[in-house]
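Here the structure comes first, spelled out in structure tokens, and everything after it is commentary.
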Amino acid sequence: MGLAACGGKSTPKTSGPGIPSTVTLSPAVATVTRGQTIQFSGSVLDANQANVSNQTISFKSSNTSVLQISSGGLACAGTWDSLTVPVVCTPGPVGTATVTAVSGTLTSSPATVSVHDRVDKVVVSPSNPACISSGHTLQFSARALDPNGNDITSTVGQFQWNSNQGQVVSVDATGTATAAAPGLAGVFASVNTVVSNPISFSTCPVLSISLHTNDAKTAFAIDNAASQQLQADVIDTNGLPLTNAATYLTLIPVNEAVGSTSGGSETFQANTPGTTPIFAACTPPSCNIGVDPNSNKTLSPVYSNVVMATVNGNNITTAFVASLSGTSLLPVDTGNFTAGTAITLPHTPNSMLLSSDGLKGYLGSANGLMIFDITTSTVGTATNLVGTALAVSADDSKVAVFNSDKNLLYVVSASSASALQFPVSGVTAAAFSPDGYKLYAVAGSTLYTYSPFVAFQTQTLSAPANDAAFLTSSALGFLAGGAPSATIGRFTCDRNDQIAVSVPLPAAPQRVASLPAGNGVVLVDNTSIDVVSATVSNNNAVCPPAATASLVKTTNFNIGSFKPRQLLVTPDGTQAFVISDSASVLAYNFASNTTKAIPLAGGAKPTTAGLTLDSAQLWVGGSDNALHLIDLKQLQDIKQVSVSFTPDLVGVRPH
């Protein structure tokens, strides 16, 4: 009895790794034309959903007069001449059948197959729907027509639905479209490889954006390292609020070093003392995205008002100086007024720009674009980018370089030093819109426009232009000139760069700069400074918006004629400074409408200059081989730092 108890039979496992548990069948739903074929396949899986090999699978049809399936899973919409070696499929009647895959005792879930006459066309309704606000739905329906135009929808089974812009709209299996990001898309229905014409679908575009703090203010001051919550009120073209606006908008601090925002957030994080304008942009490809599949129409960017953010404290930073005839790049501490160790450049520079985040410098040269890593004090050269550095975008992603020998404009990717190049000639100045949507490059009576979303354009102006600048909000681009004794503003959103405003001025302007608060621009000619106000409203259309501009005031510097080289506006928007061939730095106070000529110590002539972000200091290169500090409260040259060369190029690191 003891021996018998120790013997006995073990119980076989019925589940686990390697033991068949289920059979799957693909496709799960199918539609096929009479006389055509479709391949089915099956898999045997264990309880862990792993394939079990060496399993025999057979296939069954519930209606063999409509659909017959071979042992290998090839189904005929009709009847086969052989189920083991199928060659000829003879059409059968219209109808439906279910197919199952079988392996041993296991049977798959059934797949429904619709057998129908040949589909010649799929038509979707509604064919021209009005825009749908984000989060709302629209029901589409589809019809299938045979070659004679007969409606065979009832026999074809389930339609497949898709959109070409999943960010804009999603469409489920029933044809219910759910609007998502503002933009344009095409919606398609298909059955048995026949695809409908695209239906233009629009998630209602953004019409207007109002940016403010939670307590409805458009200016605030916080301590360094603190944060400020902002709110963007967005209205679409249906007049409805966009409740998830932060998902689609881009919040842009123009002086990126002062503070930053993260994607999908409306929180401003203070990084360093100073002042920066902040605006919100609905800019493709994250907002107002896509292309109308029928008209090739594209949506355009929409911009908010500007909020002024001030981070309290003094901005202690570094001023960098270089010479047009040497290879030294010298740092000067703006706090203790001392020069540091010179950095040897590989080539003699002809221009210098600093990125708004304070991490990179770009120096043009006859040997290539020198890229200065400020944090490591190292310099590399992109030898394929010979020319003058003209502009760097506010987000520091692009640099504009003009090669006068080859007549090429380079738009350089700052991260890779790769570049697009465009044939141009005579470019003297350039500016990026703060959101990076457009670049203006001026060359006398020609305006060149680059945008990653629009073909490169050339516009003929009615008068020479000398400079370009965009409103702080990016909504308008202004030229110093472009019309006789005037400034003209063009719509940034408009792909054809149509003129939005033209403001007559007392004389032909030479330089233009934006007012930080976003309410206009300031221009300087050979004797005077002009303040031009500008407003943009999106109450009537997405693009172009309504725009107005007017000359607010003209103030003469009362020093005779001069040739301006630079026009600088303090980050807080209280003062403007002109660097020219005059022996003095020319200052203008916006509030008091007063001017002042500030002489440099020792009678030196100014070369170029840069401002600190706290609007407290102006650092000016002098012909006396010194860097001069203009205190912006006293409006006096209070300190000079000697250098071993003429500081032709001056740049103040944003932090």
Completion exercise
Counting only strands (runs of 3 or more DSSP E) wholly inside region 238-284, the ones holding at least 2 residues that are buried (at least 21 other Cβ atoms within 10 Å of the Cβ), within 17 Å of the chain's Cα centre (by Cα) and of a type in the set (Phe, Trp, Tyr) are none
Completion exercise
Scanning region 358-369 residue by residue, the ones that are crowded, with 20+ Cβ neighbours inside 10 Å and either outside any strand (DSSP E or B) or in the same structural domain as LEU611 (by TED's automatic domain parsing) (or both) total 3
Problem - Residue in region 481-490 that is surrounded by fewer than 23 Cβ atoms within 10 Å (Cβ to Cβ) and within 23 Å of PHE279 (Cβ to Cβ) present - result: no
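Here is a yes/no grid of residues against (1) touching a strand residue (DSSP E or B) at 6+ places or on another chain (Cβ under 9 Å); (2) part of a loop (DSSP other than H, G, I, E, B); (3) modelled with pLDDT of 95 or more; (4) surrounded by 17 or more Cβ atoms within 10 Å (Cβ to Cβ):
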site: VAL32; (1), (2), (3), (4): yes, no, yes, yes
site: PRO93; (1), (2), (3), (4): yes, yes, yes, no
site: THR96; (1), (2), (3), (4): yes, no, yes, no
site: VAL102; (1), (2), (3), (4): yes, no, yes, no
site: SER109; (1), (2), (3), (4): yes, yes, yes, no
site: THR112; (1), (2), (3), (4): yes, no, yes, no
site: ALA144; (1), (2), (3), (4): yes, no, yes, yes
Problem - So THR14, is it farther than 26 Å from ALA173 by Cβ and either assigned to a strand (DSSP E or B) or modelled with pLDDT of 95 or more (or both) - result: no
Fill in the blank from the handout: Residue count, region 37-71, condition within 53 Å of the chain's Cα centre (by Cα) and either in a strand (DSSP E or B) or among the aliphatic types (A, V, I, L, M) (or both), comes to 16
Handout entry: Members of region 575-595 that are part of a loop (DSSP other than H, G, I, E, B), touching a residue at least 24 places away in the same chain (Cβ under 8 Å) and not polar (S, T, N, Q)
Key = ASP581, PHE590
Fill in the blank from the handout: Counting only strands (runs of 3 or more DSSP E) wholly inside region 425-531, the ones holding at least 3 residues that are of a type in the set (S, T, N, Q) are 439-451, 454-470
Problem - So TYR440, is it touching a Leu at 6+ places or on another chain (Cβ under 7 Å) and more than 30 Å from THR275 (Cα to Cα) - result: no
Completion exercise
The correct count of residues that are in a strand (DSSP E or B) and within 28 Å of the chain's Cα centre (by Cα) in region 532-566 is 9
Completion exercise
When restricted to VAL156, VAL206, the only residue within 24 Å of LEU242 (Cα to Cα) and buried (at least 21 other Cβ atoms within 10 Å of the Cβ) is VAL206
Completion exercise
For PRO654, the lone unmet condition from (1) at pLDDT below 95; (2) surrounded by fewer than 23 Cβ atoms within 10 Å (Cβ to Cβ); (3) closer than 20 Å to SER514 by Cβ is (2)
Practice task
Examine region 114-128 for a residue that is buried (at least 17 other Cβ atoms within 10 Å of the Cβ) and touching a Pro at 6+ places or on another chain (Cβ under 7 Å), and state whether such a residue exists.
Solution key: no
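The values are calculated or read from the model by the stated rules, or taken from the named source; none is laboratory data. Everything numeric in this text was worked out from a predicted model, so none of it was measured. No Cβ is skipped: glycine too gets one built from the backbone with ideal geometry, and neighbour counts run over all protein chains shown.
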